[in-house]
Amino acid sequence: MLRTPVRRPGWRPGPQRAAGWSGPTGRRRPGLTAGWFAGALAAVVLAALAGLAFGPASLPPLAVAAELLNLLPGVDLDSGLNDRQVAIVTQLRLPRVVLALLVGGMLALAGGCYQGVFRNPLADPHLLGVAAGAGLAVTAVIALRPGTGVLTGLPVTVPLAAFVGALGAVGLTYLLGTGAAGPDRSTATLILAGVAVSAFLAAGQTYLLQRHVDTIREVYSWLLGRLATDGWHEVRLVLPYAVIAAVVVLAHRRELDVLSVGDEEAASLGLHPQRSRYLLLAAASLGTAAAVSVSGLIGFVGLIVPHLVRLVAGSSYRVILPLSMLLGGAFLTVTDVVARTVAAPAEIPIGVVTAFFGAPFFVLVLRTTRRTVAL
Amino acid sequence: MSRSHPLRAALLRTAVVATAAALALTGCGQAGDGSGGPDDAQPGVSPETAASYPVTVGDLTLEVRPERIVALSPTATEMLFAIGAGDQVAAVDDNSNHPAEAPTTELSGFTPNVEAIAGYEPDLVVLSGDTNELVAGLTRLSIPVYLAEAAVTLDDTYRQITELGALTGHPEAAADLVDTMRSDIDKLVSDVAHPAEPLSYYYELDPTLYTVTSETFVGSLFTMVGLTNIADPADPSGEAGGYPQLSAEALIDANPDLIFLADTKCCQQNAQTVAQRAGWSTITAVQAGQVVELDDDVASRWGPRVVDLVRAIVDAVDAAAAS
Amino acid sequence: MTGPASGPETGPALKTAPASTAAGTPVVGRDLRVRLGGALVLDGVDLTVAAGEWVAVIGPNGAGKSTLLRAVGGLLPVDGSLELFGTPITRLGRRDRARLVATVVQSPVVPTGIAVADYVLLGRTPYVPLLGRESAADLAVVDDVLARLDLTGFAHRRLATLSGGERQRVLLARALAQGAPLLLLDEPTSALDIGHQQEVLELVDELRRDRGLTVLATMHDLSVAGEYADRLVLLAAGRTVAAGPPAEVLTEENLARYYRARVRVLPGAHGPLVVPVRDRDVPGTDRPVPRPEPSVAGDPDHREEGPLRVVEHGEPAVRQVGGRD
């Protein structure tokens, strides 16, 4: 992923120029520089450390470090923590930090990807009906109770329902929104189809909730977003989809740059814009659906983190996508620490925290940076 | 649910949660079979007690004894049947599953419909909350309404039973019931074991770790028995509504001695499922087998079966103190 | 089969004539039909462009000029037979097609924040492996193109901050970076003032001669089209109504018929000059203006009769431009 500049002195015109020359402009390919990458990695590491060291249970950081080292085979340090505290570190905090990195990274990556595919800075990962589809499915499962009535006999759990619901909604949006004449018009049609599908499914969700008002608390608790871990279960659920989605999206980051000149020009440059677009959307939606299935609807991360990166690090997707992934994970990890510590022993829904702290921070960056935001 | 503004939607949802949580809990009753309930009020109910009509309770005046009562609150249903007014009840809401002979209908206590209620030609409607201008609507139809809101203390419960007794013409039965409840509870509380250090408890409303503080009705019962609530620091004054959602880490760190599950029916939780949660096996309550499975309905209502709830709590404390 | 398709190592070789290494006539189109949204926009157009030629497509609004260009560029599905450099377009893969044909569209999308050099680098897309990245040879091509178009100083500037003329050069640079022997230009000068117009067209002509490019352009300015193009194709209502050297196509009769315009056509050094004139009676004044006799229109023999017969206040409006050089 690191790019190294290729540079040789003594430029002379003519056929003597050999391959491997970057010319008088000295420009490298647009891409992620080592500096930014290292910075983002550092942010991830710091956020993870914060997530492990801080929490409602005050544990001495060194003891936490010792317990983490104990996880390595062959290491057996005495950290001085009792069983409960060890369980807190290894079975609660560690999986939770990993989950936050995965979910935050996935949401930010998907957000950046959507913004590139739709060439619209207001696109976020919930755009094509993911939120509404997952919400309706989860409401149905919670309200209709598998085993009683409608869903008798089905081994349905909330994460599974959310995943299927999210993907189903995206599929519906795709069916309704494609086939429009003209290459660029299909983007707008897709977005509009997403809006329509979201509205329809959200109405269904509201109706179900009204009929089963006693389940409101449970449903809203899920809707507001929560990084609750039951050991490594959630991480195992998300990981395969997140990896697939990340690999596909990152592999196509150069294509996203080409797509930024519009479908027609991208086609004249030899790309297949429709195919690229749908592949990218499918991958991003898969990752988002997986993230949503374990953590509910966490807004803001997918919309704002790519913008933040765009403001400070440049507008090539080769920079935006990897940085968004890393910084989104770090951001969510830090906000999770806040969510579970500030009102301890109670927990604030993480979607509220991300918006509460992220929005002012974004405004601050907006005002202090020289680059203009393009809308 | 607007999706286009995550922040606004999220805050809106938070506001609705707070409101809805309170609302849901007041009349929370999961669909399920009404399992054999505890004892009803003491017998000796004389249906034609010389209750003097017209009777006035607060703003409400009834000229004659009501014969077609519609109850839209499971607690009110239990109270009515316990004081011997069961014959006078024409319809109850869909969540009223106790006692079994209650005439359950499809009326909803949460989203009530004035016309549907009026269709039963009630001469008294008992509600636990006024949503959608229901009281105003019924009043306009000249239907008497008695608002039996969620109790905050046991005194509210006793008052509601007494008032319902007066309204339905069973004042003596109601008084007997109240006396019995009082004495039962007092006895339970005085006889319970008092360990040197108060035991702590965690009360679970659902598997996402929603709980109650001591400022709530349920919480106050536990306080009466001498237990301390691990969720109290989250909302000491009760200003946030009294129903916080805990983080697993805080819960495990607090290490409650007792765990009470009020989500056994709605969410299929029991001692085994709790023990399997990551990290929970290190909690004292789990290790000592002090996870109490309550009946969701009993735990969420403030009617005559409150005594059973207190009894369950006391039994758990005794068992814990003995071990 | 075709030179530029062989890979990025042809960097320095771009300076020679790639057309000579690309076999076949650049464009051979027969009975081209394009249907857009149900309407038949192109209705049986024949078009042939020989290697090294500059062919300009002209016609009134809605004639289908841009559509024709997009069809030739492979951006629209087209019925009929269309061959690029001897290969039917339907058998050309997208990347191969992109290495043969470069299109500069009329209203290109300028991605925000992109630098000039990165934008030009996008032109190398057909050569970059699908999941790979640009090679050093690609960077060399970009530098070469920037130098050729005198844009080296702008390499780090954001494209959105450039003026119209500079931006047009950058668009051209990206097309050149594609290393394609056939260049399609859709209204390359519509947003430019006459100075920049000339600058860009001279540049295109120079490049054409330097690198042996073939140019197919749609142009709305008829005089300019006549001066730079080797051949003109006049489209009207989706059909070719005239084709040939500018002098044959740019006649007053043709223009009156298809453009419904009143013009005077004068001989120029590089091609006929078309001058729109206003020769109707102007209501409310007493300026009698004689109409030109129909027999004069399109008759080359009458050109020598002298200046235009438009008279205003007794003075000739236009002096005859010498056409003998």
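All of the numbers you see were taken from the coordinates with simple rules; none came from a lab. Quick caveat, the model's predicted, so the values are computed rather than measured. We place every Cβ from the backbone using ideal geometry, glycine too, and count neighbours over all the protein chains shown.
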Problem - 3J(HN,Hα) from dihedral phi, the stretch B:283-292, Karplus parametrisation 6.51/-1.76/1.60, rounded to Hz, x for glycine, proline - result: 7, 3, 4, 6, 5, 8, x, 9, 9, 9
Completion exercise
Under 5 Å from the placed amide H of C:Leu273, counting only residues 5+ away or on other chains, we find C:Leu266, C:Gly268
Handout entry: C:Val263 long-range amide H proximity, modeled H, under 5 Å
Key = C:Val277
Problem - Phi to ³J(HN,Hα) by Karplus 6.51 cos²θ - 1.76 cosθ + 1.60 over the stretch A:192-197, Hz, x for Gly, Pro - result: 5, 4, x, 4, 5, 4
Practice task
Could you run the Karplus curve 6.51 cos²θ - 1.76 cosθ + 1.60 with θ = phi - 60° over the stretch C:217-233 and give me ³J(HN,Hα) per residue in whole Hz, x for Gly and Pro?
Solution key: 10, 9, 9, 9, 7, 6, 5, 4, 4, x, 7, 9, 7, 6, 9, 10, 10
Problem - MRE, 222 nm, helices only [DSSP H, n ≥ 4, -39500 (n - 2.57), over chain A, to nearest 500] - result: -21500 deg cm²/dmol
Exercise for the section: Based on other C-beta atoms within 10 Å, arrange A:Val103, A:Val365 from fewest to most. Expected result: A:Val365, A:Val103
Fill in the blank from the handout: Computed from the beta carbon distance with a Förster radius of 35 Å, FRET efficiency for A:Phe200 and C:Arg33 to the nearest 0.05 stands at 0.30
